[in-house]
Amino acid sequence: MKLAIGVFFLPVLLLADQTGTSLGTSAVVARGDKLFAQGCAVGYCHGSAGTAARSPRLRGRTFEKDYLVKVIRDGIPNTAMPAWGDRLTDDDIVALVAYIQSLATATPEGPAPSEIASLAPPVAVKDSDLSPDVRRGRELFYDPQRLQRCSNCHRVQGIGTPVGPDLAKLSRAQLAAEAVNALKYGRPRRVQGIVTKDGDRFPAILIERGPSETRIYDLKAIPPVQRNLPTTEIQSIQQPSGWRHSQAVQSYATDGVYTYNSY
Amino acid sequence: MTRLIHLLLFIGAALVAQDGSTKGNWPQYGGQNSAWRYSALDQVDASNVGQLAAAWVFQTGDNDGGLQSTPLVIDGVMYVSTSHNRVFALDAVTGKRLWSYIYELPKTFTTFYGPWNRGVAISEGRLIMGTLDNYVVALDAKTGRQLWKVNVEDANQCGCNITAAPLIVRGKVIVGVTGGDSAHRGYLNAFDLKTGRHLWRFWTIPGPGEKGHETWHGDSWKFGGGATWMTGSFDASLGLVYWAVGNPAADFYGGNRKGDNLYTDSIVALDVETGKLKWHFQQVPHDVWDWDAAYEIVLVDLPRKVLINVSKGGYTYVLDRTNGEFITAWPVAKNINWIKGVGPKGELLGRNEPVVGKPKLICPSIGGGRSWNHGAWSPKAGLFFTTGIEWCEEVTAQAEIPSEGKTFFGGTFKLVPTPDKKSGGHLGAYEPLTGKVVWKYEYKYPLLASVLATAGNLIFTGDAEGDFFALDARSGKKLWSFNTGSGHRGSSISYAVNGRQYIATPSGWGSAVAGLMQQFWPETEQFPNGSAVFVFALPEQKR
């Protein structure tokens with residue numbers, strides 16, 4: 001979730017005011033240098049001072065500032081370049097752009113702050129904006145230390161596997177009324193019992209039943225498996241399956257369920 | 001009586017040394033489960049290899065990240081995987097495409113560890129591949145039709161994915177994960193070959209209450225790396241799966257993870273049925289150099305049942321694979337200064353650690369005294385063949401706060417010349433128990449392709465400038481060479497169809513370490529990417 005707020009340039013201007021234009025420019029570049037060392041020069045990324053690694057060389061090359069801001073903020077999809085918009089503040093990005101542009105000629109001076117300040121990257125919501133219950137609920141929902149976790153079957157805010165219902169579509173009231181009950185006792189109607197001709201019985205969600213192939217989510221083990229079975233291999237599909245939601249989330253204690261509900 | 005004979009035959013077979021050689025087929029990533037990368041075919045030998053000629057070439061059409069995989073060949077069909085999880089089934093005699101599979105990747109996600117794929121596994125007619133977005137998929141090997149697909153962990157959350165070939169043993173798909181340079185807790189998973197159902201998970205970092213958890217300070221275990229980013233091995237007679245566990249995160253800074261950091265930089269032996277730990281051997285306690293123990297584990301009977309593993313720090317470890325007992329460790333690179341040596345019990349002598357905020361010369365570089373590209377064991381020569389790299393770096397450590405799934409390196413580095421000003425690569429023939437060098441082939445750049453050994457007394461590999469070549473296994477003398485037009489980062493194989501032996505190699509420059517080379521050898525920035533399989537054989541009348 002990102003909010004576009006256009007007040008980001010304030011810190012840069014303040015910095016310039018306090019230190020004078022030329023010193024301010026150097027300070028911005030120096031800050032970018034430090035940020036670059038922490039996030040961009042590391043490991044197999046852009047190399048120390050942009051000297052290249054798996055990711056492209058930045059030293060001795062010229063980039064448009066708008067392009068740099070966009071790439072730093074949003075990343076490049078389907079490449080190793082991640083989006084930094086949720087980890088860096090706006091003036092961090094400004095400083096990085098100044099530093100990377102300074103690598104073009106490898107001189108200590110970067111572009112003037114006023115020039116950089118015409119850019120407007122968005123500001124991300126920070127963890128600290130959430131209440132403790134909501135934060136704990138979110139941790140439980142996605143908890144990577146559990147083999148059984150909600151995000152195995154539900155995707156919320158772009159994370160998780162979309163096997164079960166999209167919880168974001170449920171209203172707050174619906175969640176409050178049903179979620180705890182469903183988690184503890186519920187036998188979702190979508191889950192059916194499949195028996196194959198070789199005698200395997202398992203709970204499953206039917207995705208599509210075609211004349212030659214039947215696509216299902218097999219819920220016998222967690223995480224669920226998307227399987228494409230020849231339709232002729234299926235002996236029967238029974239409803240209901242007897243599968244309970246609690247089977248998939250045994251690892252959560254009751255208080256966890258309540259906390260999850262807050263999320 | 002018949003039963004008794006059967007029993008005696010069974011015991012006899014169990015006593016015979018493990019045969020890890022391949023013949024007509026190249027059925028597994030490492031050749032066989034013991035990862036020898038040795039073909040028993042000898043039609044092409046030192047006397048006739050000079051006549052080797054191209055039989056066919058297959059262009060995959062996607063050269064992003066080069067071509068890093070090991071093709072498999074089963075009953076005249078070659079299976080090759082490429083960057084972005086594409087799989088092609090080819091007629092192994094003609095190169096004709098039989099089917100292709102293009103995995104549907106999400107439109108927007110970040111592949112920090114990618115885009116390459118290093119291989120697939122095939123068993124019982126099922127082809128298994130790990131994906132860039134951290135799924136495991138199964139295809140019908142006859143048609144390429146998708147059979148099942150399961151998500152291991154959300155790639156956008158964990159910052160991890162799968163680039164290595166799985167290992168299939170006893171109906172189980174055992175598959176590792178990347179993420180060792182991210183704030184992530186590593187693991188190894190087993191799935192049922194037929195259904196895709198999850199069977200077991202081995203966490204490479206023990207959780208609260210588990211033995212070894214005390215080797216991690218505070219919450220550092222949650223973000224401690226320990227990736228399983230290459231493919232393991234299996235000893236059927238012991239029922240043990242061997243896997244090499246990668247570096248702890250952050251790579252260069254250990255201040256917030258005080259302790260030995262088990263089981264990072266370790267060889268672990270797991271019960272194949274349960275995934276439970278049988279034994280472990282940690283090569284580098286509390287690693288602060290990024291010295292994965294990630295690479296191949298070669299199972300050899302000398303006759304003692306040993307395993308050979310080259311570590312990224314530049315030492316080759318030889319362990320007793322029945323119990324993990326340390327036997328010896330010897331260097332594959334000359335330029336090693338992070339320790340003074342390895343003691344008689346495998347302990348590190350004289351650690352030279354990076355410091356915060358100040359550059360320090362460390363050899364080898366982060367690219368390793370060897371990269372992941374695999375070595376080969378020839379039972380005929382009684383030698384282990386592996387590449388090695390001479391290069392150094394200046395590391396500056398820095399304290400970092402982990403953020404789940406985000407990169408977590410703890411420092412920066414810059415490649416610098418070796419003290420003797422002789423940076424470059426080599427391929428050597430080594431006696432496994434002594435590390436004695438029988439011969440060494442030198443090259444001006446790091447050699448980043450795997451090694452193939454054959455019963456024809458030949459050693460095949462490729463270099464950065466595109467030469468694919470054969471050396472005499474006994475002398476290291478170059479006998480044959482063919483330029484494929486792009487550098488080599490994959491793994492060559494040998495197979496036979498209708499009595500004719502073929503040598504196949506992926507060609508295609510790319511990868512993280514190839515990118516790193518630009519820092520020190522700027523001209524390599526211009527080396528062209530590629531992605532093709534080249535197949536060679538002797539002309540029909542010559543064989």
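The values are calculated or read from the model by the stated rules, or taken from the named source; none is laboratory data. Since the structure is predicted, the reported quantities are computational estimates derived from the model, not experimental observations. When we count neighbours, we look across all protein chains shown, and the Cβ atoms used for this are built from the backbone with ideal geometry, even at glycine.
When you scan the range B:127-140, do you find a residue that is farther than 18 Å from B:Glu404 by Cα, of a type outside the set (Val, Ile, Thr), part of a loop (DSSP other than H, G, I, E, B) and more than 10 Å from every other protein chain (Cβ to nearest Cβ), even just one? No, the range B:127-140 contains no residue that is farther than 18 Å from B:Glu404 by Cα, of a type outside the set (Val, Ile, Thr), part of a loop (DSSP other than H, G, I, E, B) and more than 10 Å from every other protein chain (Cβ to nearest Cβ). Within the range B:355-395, the set of residues being part of a loop (DSSP other than H, G, I, E, B), more than 13 Å from chain A (Cβ to nearest Cβ) and among the polar types (S, T, N, Q) comprises just one member, B:Asn373. Tally the residues that are in contact with a strand residue (DSSP E or B) (Cβ under 7 Å, 6 or more places away or on another chain) and facing chain A (nearest Cβ under 9 Å), restricting the search to the range B:180-217. Adding up the residues that qualify gives 12. Within the range A:202-229, restricting attention to residues that are over 28 Å from the mean Cα position of the chain (by Cα) and more than 10 Å from every other protein chain (Cβ to nearest Cβ), the residue that is nearest to A:Gln145 (Cα to Cα) is A:Pro203.
Applying the condition of being assigned to a helix (DSSP H, G or I), touching a Phe, Trp or Tyr at 6+ places or on another chain (Cβ under 7 Å) and not small (Gly, Ala, Ser) to the range A:30-85 and asking which residue is nearest to B:Ser365 (Cα to Cα) yields A:Phe36. No other residue among A:Arg61, A:Arg54 is within 8 Å of chain B (Cβ to nearest Cβ), under 25 Å from B:Phe520 (Cα atoms), among the basic types (Lys, Arg) and more than 19 Å from the chain's Cα centre (by Cα) apart from A:Arg54. You will find that of B:Lys477, B:Lys406, B:Lys414, the residue that is of a type in the set (Lys, Arg), touching a strand residue (DSSP E or B) at 6+ places or on another chain (Cβ under 8 Å) and modelled with pLDDT of 95 or more is B:Lys477 and no other. Here B:Trp148 fulfils each of the conditions (1) surrounded by 24 or more Cβ atoms within 10 Å (Cβ to Cβ); (2) away from chain A (no Cβ under 14 Å) apart from (2). Residues of the range B:9-44 that are of a type in the set (Val, Ile, Thr), in a loop (DSSP other than H, G, I, E, B) and at pLDDT below 95: B:Val16 alone.
Taking strands (runs of 3 or more DSSP E) as the structural unit, those lying wholly within the range B:255-338 and holding at least 3 residues that are within 26 Å of B:Pro379 (Cα to Cα) correspond to B:266-271, B:298-301, B:305-310, B:315-320, B:326-331. Each residue in the range A:64-94 was checked for being β-branched (Val, Ile, Thr) and either within 14 Å of another protein chain (Cβ to nearest Cβ) or closer than 24 Å to B:Phe520 by Cα (or both), and 4 pass. Looking at B:Ser47, B:Ser100, B:Ser81, just one residue is more than 10 Å from chain A (Cβ to nearest Cβ), in a loop (DSSP other than H, G, I, E, B) and of a type in the set (S, T, N, Q), and that residue is B:Ser47.
Which pairs do you get when a residue that is farther than 13 Å from B:Gly212 by Cα, found in the range B:257-276, comes within reach of a residue that is of a type in the set (S, T, N, Q) and in a strand (DSSP E or B), reach meaning Cβ atoms under 8 angstrom, with the pair 6+ apart or on two chains? Here the result reads B:Asp265/B:Gln282; B:Ile267/B:Asn309, each pair linking the range B:257-276 to a residue that is of a type in the set (S, T, N, Q) and in a strand (DSSP E or B). Checked against (1) facing chain A (nearest Cβ under 10 Å); (2) surrounded by 24 or more Cβ atoms within 10 Å (Cβ to Cβ), B:Gln398 passes all but a single condition, namely (2). Scan A:Arg244, A:Arg215, A:Arg190 and give me the residue that is surrounded by 15 or more Cβ atoms within 10 Å (Cβ to Cβ), among the charged types (D, E, K, R), over 27 Å from B:Leu147 (Cβ atoms) and modelled with pLDDT of 80 or more. After ruling out the rest, the residue left standing is A:Arg244. With respect to the stated conditions, B:Gly425 is more than 14 Å from chain A (Cβ to nearest Cβ), in a strand (DSSP E or B) and not hydroxyl-bearing (Ser, Thr, Tyr).
Against the definition (within 14 Å of chain A (Cβ to nearest Cβ) and more than 24 Å from B:Gln32 (Cβ to Cβ)), how does B:Phe413 come out, yes or no? Yes; evaluated as a whole, the condition is true for this residue.
Screening the candidates B:Gly485, B:Gly476, B:Gly508, B:Gly515 for the property of being touching a Lys or Arg at 6+ places or on another chain (Cβ under 9 Å), farther than 24 Å from B:Ala164 by Cα and not basic (Lys, Arg) yields one hit, B:Gly476. Of the residues making up the range B:250-281, those that are within 26 Å of B:Met129 (Cα to Cα) and not charged (D, E, K, R) are B:Tyr263, B:Thr264, B:Ser266, B:Ile267, B:Val268, B:Ala269, B:Leu270, B:Val272, B:Thr274, B:Gly275, B:Leu277. For the range B:152-169, the condition of being out of contact with any Lys or Arg (no Cβ under 7 Å at 6 or more places or on another chain), among the small types (Gly, Ala, Ser) and more than 11 Å from every other protein chain (Cβ to nearest Cβ) holds for none of the residues.
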